[in-house]
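The values are calculated or read from the model by the stated rules, or taken from the named source; none is laboratory data. Quick caveat, the model's predicted, so the values are computed rather than measured. No Cβ is skipped: glycine too gets one built from the backbone with ideal geometry, and neighbour counts run over all protein chains shown.
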Amino acid sequence: MNPTTAITAAATLAAAPLLAGAAAAALTPLFQKRRVSPLPVTGLLIHSVYDKPQLNLTGISKNTFGAILDRLKNNNIGMITVSRYAALRSLSMDDSVGIVDTDTSASTKSTVPTTAITFDDGLRSFYDNAYPMLEERGIKSTLFPVAGLIGKTGDWDVVGKTQHITAAMLREIAESGHEIGSHSLTHANLVWLNDGELLKELRDSKSILEDVTGTAVRSLSFPFGSWNRRVWNAAKSAGYENATAYRNHRRAPPEFLPVFGVYRFDSAADAVNRAVDVAALESSASTSTASSPVPAALSIQSLSSMTSKAFASLMSHFCKGTPLVKFRKTYRLFPQTEPPARTSAERS
C-alpha cells in the first residue's frame, strides 16, 4: 500500500464515527412521530469531571464545570433534581419557558427557568471533583450510578476502564440531598435485551441502590441513551416514575426530561445554551409586564442555542462508542420494539 492510500484509509477510519453519527442524527427524525409542541427546558448530562481533561470526549475539566454552574446561577436559572423537575412540570403552565419552582408561601411564588444537572455512570470523579463544587454552591444534582459496578472498575466503555464510587460515597451523596437514580445494573443496552434480562437490569439495580442509600429510586437514565416503548413500559412496571432522554427527545413521553450531553471541548456558554436559551430569554424579558412577569414562551430559539443543541445531538450518536463494539451474548440481533403480548392469565 502506498503512503497516499494509507493516509486516505486512516482518515476514513478516523472519520467513520463522525459520519455515522451525522447520518444517524439526520435520519432519525424521519422515522419518529413528531410532537407539535416545542421542547421543554432541557437538562444537562455530564459523565466525568477531572482536574485536567482526559482522552474521553465525555470528560470535562473542573474549570469548565465551575463556569457552567456559575453561568447558570448568574442567569438566575434554577437547578433541581430530575424527580423535583418532574413534579414541578406537572404544575407548570408553560414548560417551554421553564418550570415553576416556588416557596411554600403562595405570597412569595415566583417563576424561573429551571434545569437539572445529571451525571451518568456514578464515576469516582463525580465524588472527588463535581460533588464538592455542587455542595459549595448549594446545588443538588441527580446521579445515575451503574448499580452492579459500585466500588468496582468498569470496562464497558470503549475508551478504557473507569473507577466507580463506593457504597459509602453513594450514601453520603444521597444524605446530602442529591437524587440517586438508576443507570441499569451492568450498563447494558436495554433495547437489545430479552424481557427477562431487561427486567433484571431494571429491578436489581433499583433494589441495590435503594438498599445502599435508604431512599426510593424513582428516576432512570438509559445506558447509551437507548430506549423504546417496550423498555419504558418495563421500567414503569419495575417502579420507575421518571427518566432522562439522551436521544429521541421529540418522541419522549411526558415523564421524560430531555437532556443534552456536555463534552470535553464545550465552553460553559455552549453547555448553558443547551439547558436554557439564555439569549432568547433575555430578548423576551422586555415583553414582560407587571401583571405577567414571566417572559413570553421561547418558541423561537436563538441561533446559538439551536447550534449548540444540534451539535450535542450529533455527538450523542458516537462519542461514547457503540455498544455493538462489545456485543453481549444476551443481546438480540433484532431488538423487540413493542411490549410483549400479554398471556391469557394476565388478560384475565
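For the stretch 134-141, state whether one or more residues are at pLDDT 95 or above and buried (at least 20 other Cβ atoms within 10 Å of the Cβ). Yes; the residues of the stretch 134-141 include at least one that is at pLDDT 95 or above and buried (at least 20 other Cβ atoms within 10 Å of the Cβ).
Pairs are defined by a Cβ separation below 7 Å, a sequence spacing of at least 6 or placement on different chains, a first member in the stretch 126-138 that is under 12 Å from L72 (Cβ atoms), and a second member that is of a type outside the set (A, V, I, L, M) and assigned to a helix (DSSP H, G or I); the pairs so defined are R137/K73.
For (1) in a helix (DSSP H, G or I); (2) modelled with pLDDT under 95; (3) not polar (S, T, N, Q), each residue gets a yes or a no:
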site	(1), (2), (3)
W156	no, yes, yes
V159	no, yes, yes
Q163	no, yes, no
E172	yes, no, yes
L185	no, no, yes
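Within the bounds of the stretch 219-234, is there any residue that is crowded, with 18+ Cβ neighbours inside 10 Å, under 18 Å from G122 (Cβ atoms) and among the hydroxyl-bearing types (S, T, Y)? Yes, the stretch 219-234 has at least one match. Only one of the listed residues (I180, I208) is crowded, with 23+ Cβ neighbours inside 10 Å, out of contact with any Lys or Arg (no Cβ under 9 Å at 6 or more places or on another chain) and of a type in the set (V, I, T). That residue is I180.
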